[in-house]
Amino acid sequence: MKWKILLNPFSKFSEVQLIIAGLIFMLINFTVTYLLGFHMDSIFHYGYIGENDSLLKTVLITLKSYLIAIAVLFALGKIFNRRTRLIDIINTVIISQIPGLLLILIGEIPVVEQAILTTAELPKDKTPQIPASDLIILCFFAFFALITIAHGFTLLYNGFKTATNIKDVKKILLFAFIVIITTIFSQLI
């Protein structure tokens, strides 16, 4: 039962509860990512902020990412089912981004961050040798990252499926394709 709530909170909680939780998360996301030197430049993607970027600029970039995803998925939802509600798409997008913040926080744990930095420096060496401890840490982090991204995408899919009542495989594949294109497009703007 608890796994179902983690994978599909849209069937358990009301849209009011979801929007409140989502808005609280957005405020936490704005603050934490800014303090750690990131912004969300697309759904499921965080980028580094500039040295002189303000909190306002970071918030605007993150809001742009949310708004693009909401607009695209709402349009797609209306094409699939004309009764698709905007509130359901908003909830789908903001709730699906919650796992990504956990990934950012795990990446900031000193041993994980050091392993990432050490590995990033390897191409500069003529004879790169990655320490075994760093390799183990990176493998665990990569595994956790895959699970986290899959969880976020599952939340996005389940929320969209609940909002639009899609069941057709072609529509599901089109949804996945549109999400990937939207994610890439948002990073380029």
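All of the numbers you see were taken from the coordinates with simple rules; none came from a lab. The model shown is predicted, which means the values in this text are computed figures rather than measured ones. FYI the Cβ positions are ideal-geometry reconstructions off the backbone, even for glycines, and counts take in every protein chain you see.
Here is the link list: Lys64/Lys170; Lys78/Lys161; Lys4/Lys161; Lys12/Lys161; Lys4/Lys167; Lys57/Lys78. Which ones come out longer than 21 Å on Cα distance? Beyond 21 Å between Cα atoms: Lys64/Lys170; Lys57/Lys78. Backbone N atoms of the range 1-42 closer than 16 Å to the 7 Å Cα→Cβ label point of Leu86 belong to residues 16, 19.
Between the Cα long axis of helix 98-107 and the first principal axis of the chain there is an angle of about 0°, rounded to the nearest 10. Between Gly77, Gly100, Gly50, the residue with the greatest mean-square fluctuation in the GNM of the chain (Cα pairs under 10 Å linked by springs) is Gly50.
With helices as the sole contributors, the chain gives -25000 deg cm²/dmol at 222 nm; each DSSP H run of n ≥ 4 counts as -39500 (n - 2.57), and the sum is divided by every residue.
Taken over the Cα atoms of the range 2-188, the convex hull encloses 143 Å³ per residue. Which of the listed residues, Phe80, Phe10, Phe185, is farthest toward the dipole's positive end in the chain, when Lys, Arg count +1 and Asp, Glu count -1 at the beta-carbon? It is Phe80, whose Cα lies furthest towards the positive end.
The simple spin-label model puts a point 7 Å past each Cα toward its Cβ; for Phe25 and Ala176 those points are separated by 2.2 nm.
For the pair Thr118 and Val169, a Förster radius of 30 Å applied to the C-beta separation gives a FRET efficiency near 0.10, rounded to the nearest 0.05. A run of the chain free of exposed loop cleavage sites, with trypsin sites (Lys or Arg not before Pro) counted only in DSSP states other than H, G, I, E and B and at most 13 other beta carbons within 10 Å, reaches its longest extent at 13-81. Exposed loop sites here mean GluC sites (Glu not before Pro) with a DSSP loop assignment and at most 16 other beta-carbon atoms within 10 Å; the chain contains its longest site-free run at 109-189. Neighbour counting of Cβ atoms within 10 Å sorts the residues Met40, Met26, fewest neighbours leading, into Met26, Met40. With 0.36 nm allotted per residue and the present C-alpha distance subtracted, the Glu51-Ser11 stretch has 10.2 nm of extension available.
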